[in-house]
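Working notes, beginning with the structure itself.
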Amino acid sequence: MSWVGDFCRRYAQQLLGSELGMIQLTRLNSHPLTVNSDLIKFIEHAPDTLITLINGEKIVVRESTDEVLKRIVEFRRSVLQGIFPAWDGSALPFTDKDKKEVEETKG
């Protein structure tokens with residue numbers, strides 16, 4: 001199999017294994033909800049977490065804004081690692097905590 005075929009196979013497996021961009025969340029009534037992270041337009045915290053999709057639909061979930069973002073980032077990292085198995089994620093933006101640790105090590 002060519003490297004292109006292998007690449008496409010691994011990419012498809014990654015997508016299918018991750019339910020095509022879906023993240024698991026919970027509605028306020030404790031019912032589970034699966035959301036396509038590619039359709040999220042923005043996320044608000046006021047006082048509950050409100051997700052607005054690109055079609056204008058709004059969803060209120062139990063998870064915090066930070067938790068929703070964390071799940072989206074985790075999904076995207078898993079996709080990138082499936083495409084580039086040797087990739088270590090070092091090109092991803094640092095969090096404030098990461099920046100502080102790097103600054104401390106530089107002294």
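A single member of V60, V102 is exposed (fewer than 15 other Cβ atoms within 10 Å of the Cβ) and at pLDDT below 75, and it is V102.
A Cβ distance below 6 Å, combined with a sequence gap of six or more or placement on separate chains, defines the contacts here; from the stretch 32-51, residues that are over 17 Å from E74 (Cβ atoms) and of a type in the set (K, R) reach residues that are open to solvent by 70 Å² or more (accessible area, probe 1.4 Å) and part of a loop (DSSP other than H, G, I, E, B) in the pairs K41/I54. In the stretch 20-45, which residue that is among the hydrophobic types (A, V, I, L, M, F, W, C) and open to solvent by less than 80 Å² (accessible area, probe 1.4 Å) is modelled with the lowest pLDDT? The extreme case among them is M22. Inside the stretch 66-83, residues that are open to solvent by less than 30 Å² (accessible area, probe 1.4 Å) and either within 15 Å of R27 (Cα to Cα) or touching a residue at least 60 places away in the same chain (Cβ under 8 Å) (or both) make up a count of 4.
The values are calculated or read from the model by the stated rules, or taken from the named source; none is laboratory data. Source: prediction; values computed, not measured. Cβ: placed from backbone, ideal geometry, glycine included. Neighbour counts: every protein chain shown. Each accessible area value is taken on the protein alone, full model and side chains, heavy atoms only, with ligands, DNA and RNA left out. Shrake-Rupley method; radii C 1.70, N 1.55, O 1.52, S 1.80 Å.
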